[in-house]
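Colleague: Okay, here's the structure, questions in a sec.
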Amino acid sequence: MPLGLSHLQASRIMWYISTRGMAPRVDFEGALFSGYASDGGLFMPEELPQLDRETLCQWSTLSYPGLVKELCALFIGSELIPKGDLNDLIDRAFSRFRHREVVHLSRLRNGLNVLELWHGVTYAFKDLSLSCTAQFLQYFLEKKEKHVTVVVGTSGDTGSAAIESVQGAKNVDIIVLLPKGHCTKIQELQMTTVLKENVHVFVVEGNSDELDEPIKAVFADTVFVKKHNLMSLNSINWSRILVQMAHHFFAYFQCAPSLDTHPLPLVEVVVPTGAAGNLAAGYIAQKIGLPIRLVVAVNRNDIIHRTVRQGDFSLSEAVKSTLASAMDIQVPYNMERVFWLLSGSDSQVTRALMEQFERTQSLNLPKELHSKLSEAMTSESVSDEAITQTMGRCWDENQYLLCPHSAVAVNYHYQQLDRQQLSTPRCCLAPASAAKFPEAVLAAGLTPETPVEIVALEHKETRYTPMRRGDTWTLMLRDTIEDLSRRWKRRVLNASQ
């Protein structure tokens, strides 16, 4: 049952329930520290607020950080984080972004609007949600004088953004495992050159599947996890989805022609996606009243495209390597949130669907659910050849370099343009800077542009621990975690004396 906005603001706390319906409900703090719910589902708001026209008009003049503040106030509740504290946390989260607007819209030729989500320290969109999430974590930890150890396995961007978000924090230690030779050189240096004492990087002689094994082994020991306050920071975390909703609001207000019309005008938002976090955020924004039409753009790993077009949510034989490497994903786990919303928040239906998928790695969506999905969004799958052509065309027409993931979205715009279909304003989300993908820029026949901060990484001191073949990785990880817990206890003891 949707709540009116005024009613929701009067109610004091927002509750979260699992998409699978078997876990106890929690408040925002509970969802933040949990990641997955105990029944294997993902947390979602128990009730969605409905934004009326008046609220949307009021929000239309806000900056990107202003929109994040309004959305977070709505979905966290002032009882947990008072508005003044919340505003301070978000200002602090965005204080290290290079662009004064934090997120910037580039208006290019032929109706091409590119929303740059990559002005954070690591030049990727994950900086936006992780910098806020880290501030929320520290806020609750400081109030309770608690400590957490964050353990992250990464193939590139998540690790560096997570490190940047918590480096130097006194209540948080972060352990990152990265696969040697499987990240770009830039991504690796963004992790190994951070020398703060709460940052612990392991360079693993293995691929990202292999480095996940010791992490899974540690998290499977629930007593150990509880004893040492372990958590992860990937996009199953509701806090990341919440902040990402602001991309869609900002895109809408920047690209809508005028809010004086009845009904409000539509804007098409093209979302390049892998694990479907930005897509779930956009669909929630749509459900609470933002008049956007969603287009999902994926690379050759097309499970979401097949689901939208045919209702076929099934694994392919293998992950295909593409130029848009961050989207080389087989299991887009945030689709579970989308299915839950499509089913009218029916956790029994969602649980049955996801259990079947987990059991057989194959799922045909029920007809009713599929027709609702194809009403809510359209989709496109883009080849490597189309990615490099799009990068080349955007450069020729605008002298503007796209990263390969952004090119997946812009390719859809060019397809529509060539068919003369430009009746609706359109905004393409750009998740990363081309500076992070010089190999793809060269593949498109273009010249990479490397910012001074990235060039400087080459000359910085590095610090990391190797995890070699033959080492006992799980034991190394457990020993490190236990050592960090001991250090924290010593610090607390010394402070109290």
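The values are calculated or read from the model by the stated rules, or taken from the named source; none is laboratory data. Everything quoted here is computed from the prediction, not taken from an experiment. With ideal geometry, Cβ positions are generated from the backbone for all residues, glycine too; neighbour counts draw on all protein chains shown. These area figures cover heavy atoms from the full protein model, side chains too; ligands, DNA and RNA do not enter into them. Shrake-Rupley method; radii C 1.70, N 1.55, O 1.52, S 1.80 Å.
Colleague: Test of understanding: extend the Cα→C-beta vector of residue 25 to 7 Å, then name every residue of region 67-91 with backbone N under 20 Å from that spot.
Modeller: 72-81
Colleague: Residue 46 to residue 424: extension gain in nm, 0.36 nm per residue of separation minus the Cα-Cα distance?
Modeller: Extending this stretch completely gives an extra 132.8 nm.
Colleague: If R0 is 41 Å, what FRET efficiency do you get for residue 449 and residue 91 from their C-beta distance, rounded to 0.05?
Modeller: 0.85
Colleague: Right, something else. Rounded, prolate or oblate for region 106-225? Axes are the square roots of the Cα gyration tensor eigenvalues, ordered a ≥ b ≥ c, and the cut-off for rounded is a/c under 1.5.
Modeller: Oblate.
Colleague: Under a 5 Å amide H to amide H cut-off, with H placed in plane at 1.01 Å, what residues pair with residue 467 once short-range neighbours are removed?
Modeller: Correct list: 203, 204, 205.
Colleague: Classify region 357-497 from the C-alpha gyration tensor, please: rounded if a/c falls under 1.5, else prolate or oblate depending on whether a/b exceeds b/c.
Modeller: Here region 357-497 falls in the oblate category.
Colleague: Roll a 1.4 angstrom probe over the protein heavy atoms and tell me the percent of accessible area of the chain that is carbon or sulfur.
Modeller: Answer for the chain: carbon and sulfur cover 48 percent of the accessible area.
Colleague: Still on this structure: To the nearest 0.05, how large is the calculated FRET efficiency for residue 310 and residue 258 if R₀ is 35 Å and r is the Cβ-Cβ distance?
Modeller: Once the sixth-power term is evaluated, E becomes 0.40.
Colleague: Determine the calculated [θ] at 222 nm for the chain from helices alone, applying -39500 (n - 2.57) to every DSSP H run no shorter than 4 residues and normalising by the residue count; nearest 500 deg cm²/dmol.
Modeller: So the helix-based figure for the chain works out to -14500 deg cm²/dmol.
Colleague: Hey, another quick one. Between residue 78 and residue 63, with labels modelled 7 Å along Cα→Cβ, what's the label distance in nm to one decimal, could you check?
Modeller: That separation, rounded to one decimal, is 2.2 nm.
Colleague: Now a separate question. How much accessible surface does residue 346 have with a 1.4 Å probe, in Å² rounded to 10?
Modeller: 60
Colleague: With a point put 7 Å past each Cα toward its Cβ, work out how far residue 396 is from residue 496 in nm, to one decimal.
Modeller: Using points 7 Å along Cα→Cβ, the separation is 7.0 nm.
Colleague: Kindly write out, for region 346-353 in residue order, the coupling ³J(HN,Hα) from the Karplus curve 6.51 cos²θ - 1.76 cosθ + 1.60 (θ = phi - 60°), rounded to whole Hz, with x marking Gly and Pro.
Modeller: 8, 6, 5, 4, 4, 4, 4, 4
Colleague: Just from the alpha-carbon atoms, what are the Rg and Dmax of region 100-151 in angstroms?
Modeller: 16.3, 54
Colleague: Per residue, how much accessible surface does the chain expose to a 1.4 Å probe? Answer in Å², no decimals.
Modeller: On a per-residue basis, 42 Å².
Colleague: How far, in nm, would the chain grow between residue 359 and residue 471 when pulled straight, counting 0.36 nm per residue and subtracting the alpha carbon separation?
Modeller: Fully extending the segment from residue 359 to residue 471 adds 37.0 nm.
Colleague: Now for a separate question. I need the phi-derived Karplus couplings for region 470-487: 6.51 cos²θ - 1.76 cosθ + 1.60, θ = phi - 60°, integer Hz, Gly and Pro marked x.
Modeller: Residue by residue, region 470-487 yields x, 6, 8, 4, 4, 5, 4, 5, 4, 4, 4, 4, 5, 5, 5, 4, 4, 4 Hz.
Colleague: Using a 1.4 Å probe and counting only protein heavy atoms, arrange 372, 227, 460 so the residue with the most accessible area comes first.
Modeller: 227, 460, 372
Colleague: What ranking of 48, 195 comes out by heavy-atom accessible area, probe 1.4 Å, highest first?
Modeller: Listed by decreasing accessible area, they come as 195, 48.
Colleague: Another one. For the chain, what relative contact order do you get, as a whole percent, if you take Cα pairs closer than 8 Å and at least 6 residues apart?
Modeller: In percent, rounded to a whole number, it is 17.
Colleague: Just how much of residue 109 is accessible, in Å², when a 1.4 Å probe is used and the result is rounded to the nearest 10?
Modeller: 130
Colleague: Let me ask something else. Find the Rg to Rh ratio for region 185-264, where Rh is the Kirkwood radius over alpha-carbon pairs and Rg uses the same atoms.
Modeller: Rg/Rh: 1.19.
Colleague: Rounded to the nearest 0.05, what FRET efficiency is calculated for residue 219 and residue 106 with R0 set to 45 Å and r the Cβ-Cβ distance?
Modeller: Result of the calculation: an efficiency of 0.65.
Colleague: Something else about it: Could you rank 320, 436 by how accessible they are, 1.4 Å probe, largest area first?
Modeller: These residues rank, largest area first, as 320, 436.
Colleague: How many times 2.2 N^0.38 Å is the alpha carbon radius of gyration of region 18-95?
Modeller: 1.27
Colleague: While we're on this one: Write down, largest first, the equivalent ellipsoid semi-axes of the chain in whole Å, where each equals the square root of 5 times an eigenvalue of the alpha-carbon gyration tensor.
Modeller: Over the Cα atoms of the chain, the semi-axes work out to 33, 28, 24 Å.
Colleague: With an 8 Å Cα cut-off and a minimum separation of 6 or more residues, compute the relative contact order for region 317-364 in percent.
Modeller: 19
Colleague: When every alpha-carbon pair in region 272-321 is counted, what percent end up more than 15 Å apart?
Modeller: Above the 15 Å cut-off, region 272-321 has 51 percent of its Cα pairs.
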